[in-house]
Structures are given as C-alpha cells and as structure tokens.
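A short write-up of the structure that comes next.
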Amino acid sequence: MRIVVIGSGYVGLVSGACFADFGHEVICVDKDADKIAKLKAGAIPIYEPGLDALVASNAEAGRLTFATELAAQVADADVVFLAVGTPSRRGDGHADLTYVYQAAKEVGDCANDGLVLATKSTVPVGTGDEVERIVRKARPDLAFDVVSNPEFLREGSAIEDFKRPDRVVIGADSQRARDLMTEVYRPLYLNHSPLMFTDRRTSELIKYAANAFLAVKITYINEMADLCEQVGANVQEVARGIGLDNRIGSKFLHAGPGYGGSCFPKDTLALIKTAQDYNAPTRIVETVAAVNEQRKRAMGRKVIAACGGSVRDKTIAMLGLTFKPNTDDMREAPSIAIATALQDAGAHVRGFDPEGMEQARPVLPGVELCDNAYQCITGADALVIVTEWNEFRALDLKRAHKLLKSPVVVDLRNIYRPDEMARLGFTYTSVGRSSRKD
Ligand code: UDX
C-alpha cells in the first residue's frame, strides 16, 4: 500500500517508520524543511530507542521517504494519516486544531477518488466530522472517507508499543474504509493484535478516556503514597496488593512526583473542556488534573523538608530531568516545577539527565547543568532522583556518599531500598514508604 503520513513528530515518525517496516511504501511529509533535510540525511530529531535504526533500514530499502510538499504525494496514496500536533490552546486547555484543519484542507485540494484520511493526532470528539466538512467543501464531488485511528504508543517504548499494541482502534463509518484500514494493519492482525472497529466519534473519545483513566490511576496511587507516609504503610506493597486483583491490574501504579509528558497533562485538560462544553463534566478528571499540578511543586517542599526545613544557599542536585526515562522530552516534566520551587526557596539547583540536556536548557533557567551524575552531586547538600533512568539505579552509592556534602537523598521514584540506604549512611526519603511507627 502507499501511505502518506503528515507530521513528522513523535507519532508521525514512529508510525511512518513502523508502517514501512510492515512492508508498505511510506512518505513522511512535514512543512519543517530543516527537519525533513535532517531526516533525509539520516538524523533523527527525537531520542527514541531503536528509531534511528528502523528509519535507516527502511529508508535504505526504499520504503520510507521524506518530503515537504504534500500535493505531489497525496494524489496516488491509499491512506493519508494526519499526525500533526494538537497542543493546548493557550489560556483555556482546549485542543488547538489549527494544524489538523490546515492539513485536511491541503489534502482535500489534491486528493483523488477513493482516499482514506485517517486521524492519528489526538483530537476531540467531532473533529472527524469537521475534517470531513473541510474536505467536502474543497472538493464537493470527491469520494473519500475520514477515519479515526488514535495512537496509544508511549515515548521510550514507542516501536514496541506500535508493533505489539494491546489493540488498534479504528473508528470508521464505511465498510470500504474498514477494509482498507484492515489491510494497513494486516501484519499486526496476523500477530493476534486485536483490531477494534467502532464509529468515528467513539474512537475519538476512546483515546481521551484511556489517557484520562491512566492519569487517574497514577494520581490515585500518588495520594495513597501520601497517606502511606502518614500512617506508616508501604505504597509499593499497597500497589502490589491491589494490583494482583485482575479487575484493578498492576500497571501504572508506581507512585512518583506526578505525571508529565506531551499527552496526559494536555489530554486530561482537553477532555475536561469537551465534557464541560457538552454539559457532562468529568469531575474525577478535573480533580486529578488539579491534584497532579499541585503535586509537582509539593515535591519541592518534600525536598526542603528532607533538608531540615530550609534550602536557602544550599546546593541541590537533581538527577533525571525528562518527564520519564528513555526520552529527551521535557514537556510538563516534574523537574521544572521542582527546580522552580527550590530556587524560590533560595537553593542553587544543579541537574543532569542522560539524554535530555539540550531540551532541558531552555526550560530550566538558572539550573546549573552538569556533564554527568557524579559531577552533579559533588559538594551538594542533597541528591534528588526525579526520573528513574537505569544509570541512576546503578549509581555507585558509596562514591555518591563520599561526594555529597551531606548524605541526604530524596528518591522520588523509589528506585533504592530504604534499608540499604540506611546501611550506607544516607538520610533517605522516598515516596510512600515511611518508617513511621505510632
Ligand atoms: C502516554 C500513554 O501511556 C500513551 O498510551 C499515549 O499514547 C501517550 O501518553 P507517555 O506520555 O509516553 O504515554 O508516557 P507514560 O509511560 O504513559 O508516562 C506518563 C507519565 O506518567 C510519566 O511522567 C510517568 O513518569 C508517569 N507515570 C507512569 C507514573 O508516575 N507512574 C506510573 O505508574 C506510570
């Protein structure tokens, strides 16, 4: 099949490379000429494990190409995927659909009969209807279908998620479109990944409902962690104890500094706005978004408490700056709110991240960025684990103890064992694992 993917961000690039790897002929189109030039030269604009090799092998095989001009590519495409950004509209949290609608108009202008236009971008319910209207207006006589095909991949494990998804959701209102989408995903179908067909509006909502549910789960365990600290219980054991119940499930129950990233914060807000607009408010999600927002800064207060109540003129070393490991993405990363809270309290903040330094620089003003973990903690008054990169799990703790000015460790991801840290002489604080005994 011939597939065009519009937008070469995270979702577009990973989807394009994986579709090519399925054996399809894929053209990734992006208006950013600089990005396309780099991709043509083999440079990948994002850090995602395995993506460079996947792009290289499929480009070499001639199945994956890059272009800036849409018109020349769309004419003989079987399916065009929209994978452009839908950022939060400044000020109100609604998803900004400018790029989606602009791309739809351009596709409409140059498409041929039989086109399937599939939206992978996360878009509010009803966007497919509007996309259809835009194309119809541009080309009243064109035979085409607009499909919703939300993407559930996670950063850091995007290729694995794409190739072995729990499910593929396809919202299509015609049998022809369903048949074509089945062909696109046939290699997965053979691997027994379930294809779920539904109508377009339901498909659009599934994506938001899934992300919001996961955000609820994380926020729930984070609040349980706070309670564990007060009552002397262990949140990891609580998570295990409830997660073994199949109705609850063990995933996404890791307590931490609050969720960040390009999806959960933006998509929860957009869902809240849509629900309010339709007079069916999602109060649970509203609360989750508010609790999560407050939590990030509260982690700064946790560090201050661990430092004896004041960080004025102290040096705090943050290890892990990205919103999660195995990505260089700093969007809505808890490290930003934590650093600001510590700076506001008079601390000098240092930071190190294995992949995120370039992205961190503009969003962490005043934070001294270091070359490696050990340099970062040398002479510091406290070490704070913000993101659980493997290299921090394997930190030489004896060396760290020697390098720190005072042996205070605040582990916001629970990567170390409290008994081990005590044995090594650290003053150790983690999340939801209090040693309190009343
Ligand atoms: C998420 C969804 O998982 C994915 O399906 C969707 O397509 C995009 O949004 P992503 O943002 O890449 O993916 O990362 P994810 O692994 O879901 O983590 C999101 C945030 O939640 C991170 O900040 C992570 O640290 C946090 N998290 C996750 C927790 O704090 N605890 C957990 O148990 C899981």
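Is it the case that some residue within segment 144-159 is more than 30 Å from the chain's Cα centre (by Cα), surrounded by fewer than 16 Cβ atoms within 10 Å (Cβ to Cβ) and without any contact (Cβ under 8 Å) to a residue 60 or more places away in the chain?
No, the conditions are met nowhere in segment 144-159.
Cβ contacts < 8 Å: first residue over 15 Å from Phe392 (Cβ atoms), restricted to segment 310-339; second residue part of a helix (DSSP H, G or I) and acidic (Asp, Glu), any location; separation 6+ or different chain. Result?
Between residues of segment 310-339 that are over 15 Å from Phe392 (Cβ atoms) and residues that are part of a helix (DSSP H, G or I) and acidic (Asp, Glu), the close pairs are Asp328/Glu358.
Which numbered condition trips up Lys105, out of (1) within 23 Å of the chain's Cα centre (by Cα); (2) in a helix (DSSP H, G or I)?
Going through (1) within 23 Å of the chain's Cα centre (by Cα); (2) in a helix (DSSP H, G or I) one by one, Lys105 breaks only (1).
Within segment 160-174, work out how many residues are assigned to a helix (DSSP H, G or I) and either surrounded by fewer than 20 Cβ atoms within 10 Å (Cβ to Cβ) or among the basic types (Lys, Arg) (or both).
Of the residues in segment 160-174, the ones assigned to a helix (DSSP H, G or I) are 160-163.
Then keep just the ones that are either surrounded by fewer than 20 Cβ atoms within 10 Å (Cβ to Cβ) or among the basic types (Lys, Arg) (or both); that gives 160-161, 163.
Summing the residues that are assigned to a helix (DSSP H, G or I) and either surrounded by fewer than 20 Cβ atoms within 10 Å (Cβ to Cβ) or among the basic types (Lys, Arg) (or both) in segment 160-174 gives 3.
Exactly one condition in (1) within 16 Å of the ligand (Cβ to nearest atom); (2) within 26 Å of Glu160 (Cα to Cα) is not met by Tyr220; state its number.
(2)
Return the residues of segment 36-67 that are surrounded by 14 or more Cβ atoms within 10 Å (Cβ to Cβ) and either at positive phi or touching a residue at least 60 places away in the same chain (Cβ under 8 Å) (or both); say none if nothing qualifies.
Restricting attention to segment 36-67, the residues satisfying the condition of being surrounded by 14 or more Cβ atoms within 10 Å (Cβ to Cβ) are 36, 38-39, 44-49, 51-52, 54-59, 63-67.
Residues satisfying the conditions are Ile46, Tyr47, Glu48, Pro49, Leu51, Leu54.
Scan segment 237-265 residue by residue and report those that are surrounded by 15 or more Cβ atoms within 10 Å (Cβ to Cβ) and out of contact with any helix residue (DSSP H, G or I) (no Cβ under 9 Å at 6 or more places or on another chain). Step through it out loud before you land on a result.
Narrowing segment 237-265 to residues surrounded by 15 or more Cβ atoms within 10 Å (Cβ to Cβ): 238-239, 242-243, 252-265.
Correct list: Gly243, Gly261.
If a residue has to be surrounded by 15 or more Cβ atoms within 10 Å (Cβ to Cβ) and within 16 Å of the ligand (Cβ to nearest atom) to count, how many in segment 189-208 make the cut?
Counting residues in segment 189-208 that are surrounded by 15 or more Cβ atoms within 10 Å (Cβ to Cβ) and within 16 Å of the ligand (Cβ to nearest atom) gives 7.
For segment 358-438, please list each of the helices (runs of 4 or more DSSP H) lying entirely inside it that holds at least 2 residues being within 16 Å of the ligand (Cβ to nearest atom).
Values: elements: 373-377, 390-393, 397-403, 418-423.
In segment 358-438, 390-393 are the helices (runs of 4 or more DSSP H) which contain 2 or more residues that are within 16 Å of the ligand (Cβ to nearest atom).
Is it the case that Asp129 is in a helix (DSSP H, G or I), over 21 Å from Ala71 (Cβ atoms) and assigned by TED's automatic domain parsing to the domain that holds Glu183? Walk me through how you get there before you give the answer.
Values: in a helix (DSSP H, G or I): yes; over 21 Å from Ala71 (Cβ atoms): yes; assigned by TED's automatic domain parsing to the domain that holds Glu183: yes.
Judged against the criteria, Asp129 is a match.
Could you run through segment 120-133 and say how many residues are farther than 20 Å from Asp32 by Cα, crowded, with 18+ Cβ neighbours inside 10 Å and not small (Gly, Ala, Ser)?
Keep residues of segment 120-133 that are farther than 20 Å from Asp32 by Cα, which gives 122-133.
In the following step, the residues that additionally are crowded, with 18+ Cβ neighbours inside 10 Å were identified as 122-125, 127-128, 131-132.
After this cut, where a residue has to be not small (Gly, Ala, Ser) as well, the list is 122-125, 127, 131-132.
Total meeting the criteria: 7.
Out of segment 54-80, which residues are part of a loop (DSSP other than H, G, I, E, B) and among the small types (Gly, Ala, Ser)? If you could, list the steps in order and put the result at the bottom.
Within segment 54-80, the subset part of a loop (DSSP other than H, G, I, E, B) is 61-63, 68-70, 75-78.
Scanning segment 54-80 gives Ala61, Gly62, Ala75, Ala77.
Go through segment 415-432 and count every residue that is surrounded by 21 or more Cβ atoms within 10 Å (Cβ to Cβ) and touching a residue at least 40 places away in the same chain (Cβ under 8 Å). Don't jump to the end; show me each part of the working.
Narrowing segment 415-432 to residues surrounded by 21 or more Cβ atoms within 10 Å (Cβ to Cβ): 426, 428-432.
Still in the list and also touching a residue at least 40 places away in the same chain (Cβ under 8 Å): 429, 431-432.
Total meeting the criteria: 3.
Out of all the residues in segment 224-273, which are under 23 Å from Leu153 (Cα atoms), among the polar types (S, T, N, Q) and modelled with pLDDT of 95 or more?
Correct list: Asn246, Ser250, Thr268.
Give me the residue from segment 257-292 that is among the small types (Gly, Ala, Ser) and within 11 Å of the ligand (Cβ to nearest atom) and, out of that set, farthest from Pro87 (Cα to Cα).
Here is the first cut: in segment 257-292, the ones among the small types (Gly, Ala, Ser) are 258, 260-262, 270, 275, 280, 289-290.
Subset that is within 11 Å of the ligand (Cβ to nearest atom): 258, 260-262.
Values: Gly258: 20, Gly260: 14, Gly261: 12, Ser262: 9 Å.
Within segment 257-292, the match that is farthest from Pro87 (Cα to Cα) is Gly258.
With the checklist (1) surrounded by fewer than 19 Cβ atoms within 10 Å (Cβ to Cβ); (2) within 15 Å of the ligand (Cβ to nearest atom) in hand, flag the one item His348 doesn't pass.
The one condition His348 does not meet is (2).
Which residues, taken from segment 293-332, are buried (at least 18 other Cβ atoms within 10 Å of the Cβ), of a type in the set (D, E, K, R) and more than 16 Å from the ligand (Cβ to nearest atom)?
Passing the criteria: only Lys314.
One line per residue, one yes/no per condition, for (1) in a helix (DSSP H, G or I); (2) within 20 Å of the chain's Cα centre (by Cα); (3) aromatic (Phe, Trp, Tyr):
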position: Asp109; (1), (2), (3): yes, no, no
position: Asn112; (1), (2), (3): no, no, no
position: Ser121; (1), (2), (3): no, yes, no
position: Pro124; (1), (2), (3): no, yes, no
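The values are calculated or read from the model by the stated rules, or taken from the named source; none is laboratory data. Only a predicted model underlies this, so the values are computations on that prediction, with no experimental measurement involved. Cβ coordinates were reconstructed from backbone atoms using ideal geometry, including for glycine residues, and neighbour counts include every protein chain displayed.
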